[in-house]
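To start, the structure under review is shown below, and the notes come after it.
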Amino acid sequence: MNKSTQTVNIDEQKIWDVLKSSSLKDASRVRDVLAKSRRLKGLDMHDVASLSTISDPQLLAELFDTAKSVKEEIYGKRLVLFAPLYVSNLCGNECLYCAFRAKNKAVIRRALTQQEIANEVEILVKQGHKRVLLVAGESYPREGFDYILKSIDTVYATKIGSGEIRRVNVNVAPLSVDEFKQLKARHIGTYQIFQETYHHETYNKVHVAGKKKDYDWRITALDRAMEAKIDDVGIGVLFGLADWRFEILAMMQHIAHLEAKFGVGPHTISVPRLEPATGSDMSVHPPQPVSDIDFRKIVAILRLAVPYTGIIMSTRETPNMRRETFALGVSQISAGSRTNPGGYAEGQAEAELEQFSLGDHRSLDEVICDVASLGYIPSFCTACYRLGRTGADFMDLAKPGKIKEHCDPNAISTFMEYLIDYASPQTKKTGEKLIDTILSQINEKAARLTKAMLEKVRAGQRDVYC
Ligand code: SAM
Ligand code: SF4
């Protein structure tokens with residue numbers, strides 16, 4: 001078939017067949033897959049299915065150990081930070097798990113004005129954020145999709161001293177190729193969209209009205225984004241709707257499709273788990289709840305299956321769960337989040353406006369202090385996207401391990417910016433100690449480059465990257 005017309009096909013029968021054929025718990029097969037994953041070439045559907053059968057505590061420990069070493073090998077100690085920016089909770093869909101669903105009278109509707117968006121951004125910038133994920137329900141104020149485009153412009157235009165948002169990622173409803181081109185022209189970072197569930201029957205049951213009922217329009221969104229030359233795209237599943245084993249195998253099919261058609265898979269995978277949402281029974285009683293232990297397994301398996309794809313952990317999860325999954329494969333986290341439009345200016349989450357309730361309520365500074373005390377380097381780096389190291393170019397550097405040469409120095413220099421400009425005294429002390437330790441551990445060449453960058457940051461230069 002001509003590559004450009006190839007359509008994404010989630011073959012449900014094949015997924016069930018593979019799951020069935022892997023259902024025999026076979027320790028030696030699992031160990032073979034773990035050995036294969038240490039070669040950092042990724043895994044196929046059969047391998048993923050084998051890992052998903054693990055329940056024996058010894059094998060589980062081996063899975064987690066392997067995920068830890070793969071994570072460390074590729075990502076080192078970096079953890080990239082971002083904040084979600086909810087601009088509007090207007091929505092025309094009826095997703096039964098979400099507070100923003102059209103018929104939910106318990107939610108007060110609000111689309112921020114451009115001035116209100118600037119106010120939100122100002123607060124985030126003053127906290128030290130450099131990356132936001134712009135989020136909206138699937139219905140826009142009178143100006144239509146232009147509202148999203150203007151909102152992105154507003155975010156980039158808001159500067160507070162030397163503080164600014166340097167990368168806007170976007171999570172909005174599926175667009176046409178032409179709209180994606182307009183998004184691309186606004187210099188977005190990643191376009192992200194979650195299929196929610198790849199399981200057709202479940203998909204139809206939980207999306208009861210509105211445009212989102214159309215499974216195919218949603219699953220082909222990333223094809224259109226890539227056709228519009230947005231080459232950093234993010235995928236995700238809303239865990240709790242259907243069998244998680246089915247979902248991760250379907251996700252492997254989606255990834256294989258993108259790789260075959262565009263030569264590059266997704267830049268990130270998000271792993272949202274259903275959280276209670278106002279006016280949604282389904283969110284309180286998920287159809288197929290994912291236990292904490294299975295959730296850790298999901299992160300570890302994805303880390304081994306697609307080692308070069310970032311894994312994003314949001315503040316839906318508790319501080320403890322977040323800490324555990326950092327080691328297992330997470331490379332990006334949100335912090336200090338609000339999921340109600342205007343939530344940063346109002347200083348609190350408001351149940352009548354927010355999308356779902358959060359598991360981690362700590363401020364950015366508290367999260368950073370915690371992350372640093374665990375030995376991870378909080379990173380605000382946005383260098384790749386601004387240097388055009390995106391899509392296949394990024395993967396070409398990542399796969400031979402070369403991206404680390406950029407990431408470590410950039411993480412440390414942007415962390416130092418944060419420590420000087422925004423950190424509390426306690427975080428500053430913890431962070432500077434961590435930087436000294438890391439500098440003594442990295443190779444001489446990287447240490448020399450990093451020290452030179454740090455000198456510039458200490459001298460007042462900002463946005464220093466390589
Ligand atoms: N409205 C757009 C859409 O649905 O694609 C984009 C933004 S939507 C606000 C972002 C994501 O929030 C959804 O894709 C869904 O996975 C997630 N979400 C919705 N309800 C949730 C809940 N109760 N708990 C956790 N995540 C939820
Ligand atoms: Fe609307 Fe998105 Fe919520 Fe569905 S998940 S109701 S589309 S905001």
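Before moving on, here are some points about what is shown:
- Placing +1 on the Cβ of every Lys and Arg and -1 on the Cβ of every Asp and Glu, with no other charges, gives the stretch 72-386 a dipole of roughly 420 debye about its Cα centre.
- With Cα atoms defining each centre, the stretch 119-174 and the stretch 201-215 are spaced 28 Å apart in the structure.
- Secondary structure note: in the chain, about 15% of the DSSP beta bridges are antiparallel.
- For the stretch 6-23 versus the stretch 386-403, the gap between their alpha-carbon centres in whole angstrom: 31 Å
- The stretch 233-270 and the stretch 311-370: distance between their alpha carbon centers, rounded to Å: 23 Å
- Excluding same-chain neighbours fewer than eight residues apart, the aspartates and glutamates reachable from K445 by a Cα-Cα span under 12 Å are E405, D408.
- Taken as entire DSSP H runs, the helices of the chain that both span 18 Å or more between Cα atoms along their own long axis and average 0.5 or more on the Kyte-Doolittle scale are 292-305.
- Among 248-257, 356-365, 78-87, the order from most to least packed when residues are scored by Cβ within 10 Å on average: 78-87, 248-257, 356-365
- Dipole of the chain computed with +1 at Lys/Arg Cβ and -1 at Asp/Glu Cβ about the Cα centre; of V371, H257, T113, farthest Cα towards the positive end is V371.
- Cysteines (scope the chain) whose Cβ has no counterpart Cys Cβ under 4.7 Å: C91, C369, C381, C384, C407, C466
- Of the GluC sites (Glu not before Pro) in the stretch 338-444, the ones in a loop by DSSP (not H, G, I, E or B) with at most 14 other beta carbons within 10 Å are E352.
- In Å², nearest 10: area of K211 left accessible to a 1.4 Å probe: 150 Å²
- Only lysines eight or more places from K399 in sequence, or on another chain, were considered; those with a Cα closer than 16 Å are K36, K41, K71.
- Where GluC sites (Glu not before Pro) fall in DSSP loop in the stretch 92-149, at most 14 other Cβ within 10 Å: E143
- Spatially proximal lysines relative to K159 (Cα-Cα < 23 Å; intrachain offsets below 8 disregarded): K126, K130, K150, K184, K456
The values are calculated or read from the model by the stated rules, or taken from the named source; none is laboratory data. Here the structure is a predicted model, which is why all the values come from computation and not from measurement. Because the Cβ atoms are built from the backbone with ideal geometry, glycine has one as well, and the counts that use them run over all protein chains shown. Keep in mind that these areas ignore ligands, DNA and RNA; they rest on the heavy atoms of the full protein, side chains included. Shrake-Rupley method; radii C 1.70, N 1.55, O 1.52, S 1.80 Å.
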